[in-house]
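Participant: Let me begin by handing over the structure; questions about it come next.
The values are calculated or read from the model by the stated rules, or taken from the named source; none is laboratory data. As the structure is a computational prediction, the values presented were derived from the model and not from experiment. Every residue, glycine as well, gets a Cβ built from its backbone with ideal geometry; the counts of neighbours run over all protein chains shown. SASA here: full protein model, heavy atoms, side chains in, ligands and nucleic acids out. Shrake-Rupley method; radii C 1.70, N 1.55, O 1.52, S 1.80 Å.
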Amino acid sequence: MHAFGESPEFSFDSLPDAPPEGERWSSWDGATHGPKPRPEWVITALAAVEEDLGVLKTGKEADVHIVRRWVPDGTTKPALDTWMAAKRYRTSERRMFHRDAGYQEGRRVRRSREMRAMARRTEFGRELLSGQWAFAEFEALGTLWDMGIPVPYPVQLNDREMLMEFIGRDGEAAPRLAQTRPDRDLLVELFEQLRAAMTALAQRGWTHGDLSPYNVLLDGERLVLIDWPQIVDIIGNPRGFEFLERDVTNMTRWFTARGLEVDEGELLGDLVAEATSRW
């Protein structure tokens, strides 16, 4: 799926007047970029073009599309070619935000006018919230990637569109954990992966905030946690421990339903201990 290698030399003189119909020039230039070092499959050449391959997932706040980016070289399979997931947050007219105000506790913006607008859910305030969710998810993914948490690599952010690593194989998206039926040996391994990820988060004082088997992908035998705009500060948010408990409950009950004996209370206690050990 991904081809590796450095981008070729580029000059604006080499660009034709317009890309082929249905394609666009690479949106890399002018975007906010993900953390370094970047994975080798990230294409940064301005000579690259992009094509929307269709909707991967629809949601109340955003839709996720598959985008192909490649550097044309006159062949049907150019050397630099990759697929990405494009998460596009909707505008206020088309969006149905379900993130309640509880996620916003402990977060602040500098201008009091913007705070009031978001609190009152004015049209201006809803636009601010939309941009804030996109930026919050991009920033969270960058930090989590650097921490070694299993998340998609955030390639770039441009307005309300975030391009990130496509999780899947041979052009087929990885299934959500909720859709899978792993055998017992793999269940044990997957639970340990989950425990490690949640523990690393708790050590930083964080929890996902909306974690469930529907926000976890199974990429072969590897868990990948997705959907991060609402990441919660367990201590700073008055409802932080409530969100942590809900994340633990949602995940442990799925493993229990699949036949693996896990102790919900023990995991929650361990995570609370990690989150509070810094204080």
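Participant: I need the per residue convex hull volume for region 223-279, using only the alpha carbons, in cubic angstrom as a whole number. Present the calculation step by step, with values, prior to reporting the outcome.
Facilitator: Details: hull volume 5.6 nm³, N = 57.
Given the Cα convex hull of region 223-279, per-residue volume reads 97 Å³.
Participant: Additional query: Check the straight Cα-Cα distances from residue 60 and name the lysines below 30 Å, setting aside those fewer than 8 residues away within the same chain.
Facilitator: Of all the lysines, those that pass the test against residue 60 - Cα under 30 Å, at least 8 places apart if same chain - are 87.
Participant: What is the ratio of the Cα radius of gyration of region 47-95 to 2.2 N^0.38 Å, with N the residue count, to two decimals?
Facilitator: Details: Rg = 13.7 Å, N = 49, 2.2 N^0.38 = 9.7 Å.
In units of the globular-protein estimate, region 47-95 measures up at 1.42.
Participant: For region 124-279, which whole-number percentage of the solvent-accessible area (1.4 Å probe, protein heavy atoms only) is attributable to carbon and sulfur atoms?
Facilitator: Working: 3180 of 6650 Å².
After summing per-atom areas, the C and S share lands at 48 percent.
Participant: Also, quick follow-up: Would you mind putting 47-58, 216-227 in packing order, based on average other-beta-carbon counts within 10 Å, highest first?
Facilitator: Values: 47-58: 15.5, 216-227: 18.6.
Listed from highest to lowest mean packing, they are 216-227, 47-58.
Participant: Additional query: In the calculated pair distance distribution of region 129-246, what percentage of Cα-Cα distances lie above 26 Å? Walk me through the numbers on the way to the answer.
Facilitator: Details: 1358 of 6903 pairs.
The answer is 20 percent, as a whole percent.
Participant: Could you please report the charge total around residue 222, scoring K, R as +1 and D, E as -1 over all other residues with beta-carbon less than 15 angstrom from its beta-carbon? Let's see the in-between values first.
Facilitator: Details: positive: 169, 176, 195; negative: 165, 185, 189, 192, 219, 221.
Result for the neighbourhood of residue 222: -3.
Participant: Further, regarding this structure: How much solvent-accessible surface does residue 277 expose, in Å² to the nearest 10, with a 1.4 Å probe and all protein chains in place?
Facilitator: 80
Participant: So, one more: So what is the relative contact order of region 147-197, in percent, for Cα pairs below 8 Å that sit 6 or more residues apart?
Facilitator: Details: 24 pairs, mean separation 12.4, N = 51.
Reported as a whole number, the value is 24 percent.
Participant: Here's a follow-up. How much accessible area per residue does region 141-233 have, in Å², with a 1.4 Å probe?
Facilitator: Details: 3620 Å² over 93 residues.
Computed with neighbouring chains in place, this is 39 Å² per residue.
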